[in-house]
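Only one structure is covered here, and it is reproduced in the block below.
The values are calculated or read from the model by the stated rules, or taken from the named source; none is laboratory data. These numbers come from a predicted model, not from an experiment. Cβ atoms come from the backbone with ideal geometry, glycine included; neighbour counts cover every protein chain shown. Heavy atoms of the whole protein, side chains included, go into the accessibility calculation; ligands, DNA and RNA do not. Shrake-Rupley method; radii C 1.70, N 1.55, O 1.52, S 1.80 Å.
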Amino acid sequence: MITEKDIERINELYHKSKSQEGLTADEVLEQKALRTAYIKAIRANLRGQLDNIDIQEEDGSITNLGEKYNRKG
């Protein structure tokens, strides 16, 4: 789970990377790990939203996308 503090740190590292100072090797690794976690959280959130969408088929039946693709418990 990504916290507000993690997002602030991602932004700090981004701004530091664009400055003349640049990032240390450890900061580059930290930035990569934080970005990976952020993307994972965004994808999980989007998947959760998509899995809760119901579609009305042409025959009038309702299909839940999460159930259709076996992603909903």
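Compute the long axis of helix 25-51 from its Cα atoms, compare it with the longest principal axis of the Cα atoms of the chain, and write down the angle in degrees, 0 to 90, nearest 10.
10
Skip the ligands, DNA and RNA, and give the accessible area per residue of the chain with a 1.4 Å probe, whole Å².
Details: 6110 Å² over 73 residues.
On a per-residue basis, 84 Å².
Along Cα→Cβ, 7 Å out, is where each label goes; now give me the distance between the ones at Asn52 and Glu67 in nm to one decimal.
According to this spin-label approximation, the distance is 1.6 nm.
Quick one: compute the contact order of the chain, relative version, from alpha carbon pairs under 8 angstrom and 6+ residues apart, as a percent.
Details: 43 pairs, mean separation 15.6, N = 73.
Averaging sequence separation for qualifying contacts and normalising by length gives 21 percent for the chain.
If I model a spin label at Lys40 and Val28 as a point 7 Å from the Cα along the Cα→Cβ vector, what separation in nanometres do I get?
2.2
In whole percent, how big is the carbon plus sulfur part of the accessible area of the chain, probe 1.4 Å, protein atoms only?
Numbers: 3110 of 6110 Å².
Of the solvent-accessible surface of the chain, carbon and sulfur hold 51 percent.
Going by amide H atoms built from the backbone, whose H comes under 5 Å of the H on Asn64, apart from near neighbours?
For Asn64, the qualifying residues are Ile55.
Under the Karplus relation 6.51 cos²θ - 1.76 cosθ + 1.60, θ = phi - 60°, what is the ordered set of whole-Hz ³J(HN,Hα) values for segment 3-8, x standing for Gly and Pro?
Working through the residues one at a time gives 9, 4, 5, 5, 5, 4 Hz.
Taking the Cβ of Ser61 as the center, what net charge do the other residues with Cβ under 14 Å away carry, scoring Lys and Arg +1 and Asp and Glu -1?
Working: positive: Lys68; negative: Asp54, Glu57, Glu58, Asp59, Glu67.
Residues close to Ser61 contribute a combined charge of -4.
Calculate how large, on average over all directions, the projected area of the Cα convex hull of segment 1-68 is; give the answer in nm² to one decimal. The partial results should precede the final answer.
On the way: hull surface 25.5 nm².
Over all viewing directions, segment 1-68 projects a mean Cα-hull area of 6.4 nm².
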